[in-house]
Amino acid sequence: MRTIWWDEKSRAIGMIDQTLLPERLENIEVRSVEQLCEAIQSLRVRGAPALGAAGGYGVALTAARSAATDPAALLDDIKTAAGVIRAARPTAVNLSWGVDRAVKAVEEMRGSATVEEIRAAALAEAELIAEEDVSINKALGDRGASLLADGDVVLTHCNAGRLACVGWGTALGVIRSAVAQGKRISVYACETRPLFQGSRLTAWELTEDNIPVTLICDNMAGMAMRQGLVDKVIVGADRITKDAVFNKIGTYSIAVLAKAHGVPFYVAAPISTFDLERSEKDVEIEERDADEIRRLGNKKLAPADVKVYNPAFDATPLDLVSAIITERGIYRPPEEMPDLG
Ligand code: MRU
């Protein structure tokens, strides 16, 4: 089952609405760029690789639904929509990567293609991004599985599973690959305040796959490590710069704890998540609505007007990272990083 796909009959993007899990597994149809941006901002679709696919499909959607009748006008429409989609969430580099890849595929046709050819090319590139995501995650998972031993207990944070990708997953992909090789792996999932991707999504995915999972609150990770309950940490990434790994808020604290307790801290991410031209200071960290912390649905968790700091991601310096697992290989930063040239 995929997280995001193209529905040719309704000329729309289909996706699992992740805000409804684990109560309901329901799909939605996205028929406009506005609707796509809303879905991205409200985390109906989320996770760096899934956002890459959403970016590609957003370009295909624009191409399919634009009223433009000549190729130059269609390409201008695509360019405008691309800017809007790219800006929907700033931290995960995969969103702009997916948009840019699909835009490049059609821009190369400027002056030499019909409207229909541009539409077909945009969709073909978006489908390729989505298909590649699954095969890349499986390759990454197989490489990463070599780092896990039979019986290992792995702590993870947020959701870097198949829901965060088109399929299979990155951090959970490594665990799935190890399990597929016959290793007995169990997982500690941090609930991941404030939006609970760990409890709502990771615990759900692993339960569906019959992989043993124990749910903990984020502030229990240190105790679990001190008690020797955790053999390894594996998390995903939203962007990897030349000096840091950006991932869900709380990742940095777990990396510090892992270092203090001698627990290997692994990051699993496709090459598309690397942004080695930039450093930590160049990256915008998304800050989200205060009510995500002050409220839980209709329930008040804090005084209505209390001041809140709600960054959605944090940066973990590379010297806290034992290894980065990619589809190309396993790198030991800061000395070893992939050559993107
Ligand atoms: O805010 P989210 O849910 O999009 O954050 C997702 C994460 O931080 C994931 O760990 C990351 O995107 C890697 S997903 C393979």
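With the requirement that a residue be farther than 24 Å from residue 63 by Cβ and of a type outside the set (D, E, K, R), what does segment 6-51 give you?
Within segment 6-51, 18, 19, 20, 21, 22, 25, 42, 43, 47 meet the criteria.
Considering only residues that are closer than 17 Å to residue 296 by Cα and touching a Gly at 6+ places or on another chain (Cβ under 8 Å), look in segment 177-196 and name the one that is surrounded by the fewest Cβ atoms within 10 Å (Cβ to Cβ).
193
Could you tell me which of the residues 328, 288 is within 16 Å of the ligand (Cβ to nearest atom), among the basic types (Lys, Arg) and out of contact with any strand residue (DSSP E or B) (no Cβ under 7 Å at 6 or more places or on another chain)?
Of the residues listed, the single one that is within 16 Å of the ligand (Cβ to nearest atom), among the basic types (Lys, Arg) and out of contact with any strand residue (DSSP E or B) (no Cβ under 7 Å at 6 or more places or on another chain) is 288.
Per-residue answers, yes or no, for (1) in the same structural domain as residue 287 (by TED's automatic domain parsing); (2) touching a residue at least 40 places away in the same chain (Cβ under 8 Å); (3) not charged (D, E, K, R):
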{"residue": "9", "(1), (2), (3)": "no, no, no"}
{"residue": "13", "(1), (2), (3)": "no, yes, yes"}
{"residue": "47", "(1), (2), (3)": "no, yes, yes"}
{"residue": "57", "(1), (2), (3)": "no, yes, yes"}
{"residue": "60", "(1), (2), (3)": "no, yes, yes"}
{"residue": "64", "(1), (2), (3)": "no, yes, yes"}
{"residue": "67", "(1), (2), (3)": "no, no, yes"}
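Working carefully through the options 233, 283, find the one that is in contact with a Lys or Arg (Cβ under 8 Å, 6 or more places away or on another chain), within 16 Å of the ligand (Cβ to nearest atom) and under 24 Å from residue 194 (Cα atoms). I'd like the intermediate steps shown before the answer.
On the way: 233 fails: in contact with a Lys or Arg (Cβ under 8 Å, 6 or more places away or on another chain).
Result of the check over 233, 283: 283.
Could you please tell me which pairs satisfy a Cβ distance under 9 Å, a separation of 6+ or placement on different chains, a first residue in segment 290-313 that is of a type in the set (Val, Ile, Thr), and a second residue that is exposed (fewer than 12 other Cβ atoms within 10 Å of the Cβ) and assigned to a strand (DSSP E or B)?
Pairs found: none.
Name the residue that is nearest to the ligand (Cβ to nearest atom), counting only residues in segment 147-172 that are closer than 12 Å to residue 235 by Cβ and not in a loop (DSSP other than H, G, I, E, B). If you could, list the steps in order and put the result at the bottom.
Kept after step one, since they are closer than 12 Å to residue 235 by Cβ, are these residues of segment 147-172: 154-161, 164, 169-172.
Narrowing the set further to residues that are not in a loop (DSSP other than H, G, I, E, B) leaves 154-156, 164, 171-172.
Values: 154: 14, 155: 13, 156: 9, 164: 3, 171: 7, 172: 8 Å.
Out of the qualifying residues, it is 164.
Is there a residue being within 13 Å of the ligand (Cβ to nearest atom), part of a loop (DSSP other than H, G, I, E, B) and farther than 24 Å from residue 294 by Cβ anywhere in segment 183-193?
No: segment 183-193 contains no residue that is within 13 Å of the ligand (Cβ to nearest atom), part of a loop (DSSP other than H, G, I, E, B) and farther than 24 Å from residue 294 by Cβ.
Residues checked against (1) among the aromatic types (Phe, Trp, Tyr); (2) outside the structural domain of residue 160 (by TED's automatic domain parsing); (3) closer than 24 Å to residue 86 by Cα:
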residue	(1), (2), (3)
233	no, no, no
240	no, no, yes
245	no, no, yes
262	no, no, no
284	no, no, yes
288	no, no, yes
296	no, no, no
313	yes, no, yes
324	no, no, no
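Here's a check for you: in segment 111-123, which residue that is surrounded by 13 or more Cβ atoms within 10 Å (Cβ to Cβ) and out of contact with any strand residue (DSSP E or B) (no Cβ under 9 Å at 6 or more places or on another chain) is farthest from residue 58 (Cα to Cα)? Break it down stepwise before answering.
Quick first cut of segment 111-123, residues surrounded by 13 or more Cβ atoms within 10 Å (Cβ to Cβ) only: 113, 115, 117-123.
From the residues that got through so far, the ones that are out of contact with any strand residue (DSSP E or B) (no Cβ under 9 Å at 6 or more places or on another chain) too are 113, 115, 117-122.
Working: 113: 20, 115: 17, 117: 17, 118: 14, 119: 12, 120: 14, 121: 13, 122: 9 Å.
So, considering only residues that are surrounded by 13 or more Cβ atoms within 10 Å (Cβ to Cβ) and out of contact with any strand residue (DSSP E or B) (no Cβ under 9 Å at 6 or more places or on another chain), the one farthest from residue 58 (Cα to Cα) is 113.
The values are calculated or read from the model by the stated rules, or taken from the named source; none is laboratory data. Everything numeric in this text was worked out from a predicted model, so none of it was measured. Here Cβ is always computed from backbone atoms with ideal geometry, including for glycine, and neighbour counts include all displayed protein chains.
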